[in-house]
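**Q** One structure, as structure tokens, below. Some questions next.
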Amino acid sequence: MQEEELNKYLKAGEIACRVRKEAERITKPFMKVLELVNKLENLIKNLGAEPAFPINVSINDVAAHYTPTINDELTIPENAVVKIDIGVHIDGYIADTATTVSFDKRYTQLVEAAREALINALKIVKPGIKFHEIGRVIEETIKRHGYRPIYNLSGHSITRYTIHAGDVIPNYRDLKSIGRLKPGKAYAIEPFATNGTGFVKEAPLVTIYALKPNPKRVKTLSSEARKLYEVIYNSRRTLPFALRWYLNTVNVEKIVDMITELALQGLVVEYPVLIEKDRGIVTQFEHTLVVTSSSIYITTDSC
């Protein structure tokens, strides 16, 4: 990894760290989720970066992939357990971090289970460590608290402009996961804990999308859908996006039809909201790290 690349990873991580701390400070019951996300995404931009994906605000049994829709009226409930997942990029170099803010004392230990799992995992990381060893520490930590990890959610490798870049770091001791942390690469370690079954399922709601480029199929789009595609591609490439970001580009009444047209042409990937199968409460913490031949940089713990 070149020094310039490392510096961009580090700067993105510093900004993500600052935004995460601001999220922990300002998140409150009865706050509109759209207001929270707008403040945090604007902060990312004001600090000199761009969102790597729409900020996720996943409440209670919702584990991941909820970002506000257009004119979203959802508010944070009084006794909510709120997971805030933040992505930042500088020139495509990504930092991915998450935290949980709980307003219900019944779930204090569930929050600590995920937090401690991340802390313990980061204590053992080093160049060459096997992914399943990281997963073992995460699983053992969460189970010591009396809870389960989410078995079908995981950490992941990160490359330029790609958040999930192929490698999977399990949240349990999966001996089939034989990969290792390799120098020159970036990874996100992302424990989820639950008092439910330990598995998530897709809900019938999509709020996050990403382009899947295919130049031949782009030519078949209507002129309005092609314009939307080009605007998104020029600003995001294949990074995830939310429809609310493009209301200044197209009419709000037409944007849903346009994204449907893109999906029918296979030009967009949809990320359904994920919920715990047994409707258990879910907690989450996450850091990004960059591996060199001699050391580990935890980029999102640097502010």
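The values are calculated or read from the model by the stated rules, or taken from the named source; none is laboratory data. Computed from a predicted structure; not experimentally measured. Positions of Cβ are backbone-derived with ideal geometry, glycine not excepted, and every protein chain shown enters the neighbour counts.
**Q** Which pairs do you get when a residue that is assigned by TED's automatic domain parsing to the domain that holds R244, found in the stretch 68-88, comes within reach of a residue that is among the small types (G, A, S), reach meaning Cβ atoms under 8 angstrom, with the pair 6+ apart or on two chains?
**A** Listed by first residue and then by second, the contacts come to nothing, as the list is empty.
**Q** I'd like the residue in the stretch 129-160 that is out of contact with any Asp or Glu (no Cβ under 9 Å at 6 or more places or on another chain) and part of a loop (DSSP other than H, G, I, E, B) and, out of all such residues, is surrounded by the fewest Cβ atoms within 10 Å (Cβ to Cβ).
**A** Residue satisfying both the conditions and the ranking: G146.
**Q** Filter the stretch 95-123 down to the residues that are surrounded by 17 or more Cβ atoms within 10 Å (Cβ to Cβ) and aromatic (F, W, Y) and list them by number.
**A** Within the stretch 95-123, just Y107 meets the criteria.
**Q** Restricting the first residue to the stretch 221-249 and requiring it to be loosely packed, with under 15 Cβ neighbours inside 10 Å, which pairs with a second residue that is among the acidic types (D, E) meet a Cβ separation below 8 Å and a spacing of at least six or different chains?
**A** Short answer, once both residue conditions are applied: S222/E261.
**Q** Additional query: Could you please tell me which pairs satisfy a Cβ distance under 9 Å, a separation of 6+ or placement on different chains, a first residue in the stretch 255-282 that is not assigned by TED's automatic domain parsing to the domain that holds F241 and basic (K, R), and a second residue that is part of a loop (DSSP other than H, G, I, E, B) and modelled with pLDDT under 95?
**A** Correct list of pairs: empty, since none qualify.
**Q** From the list G87, G48, exactly one residue is modelled with pLDDT of 95 or more, under 30 Å from G184 (Cβ atoms) and assigned to a loop (DSSP other than H, G, I, E, B). Which is it?
**A** Just a single option satisfies the conditions, and that option is G48.
**Q** If you take the residues in the stretch 100-132 that are out of contact with any Ser or Thr (no Cβ under 8 Å at 6 or more places or on another chain) and acidic (D, E), which one is farthest from P183 (Cα to Cα)?
**A** Only one residue fits best here, namely D104.
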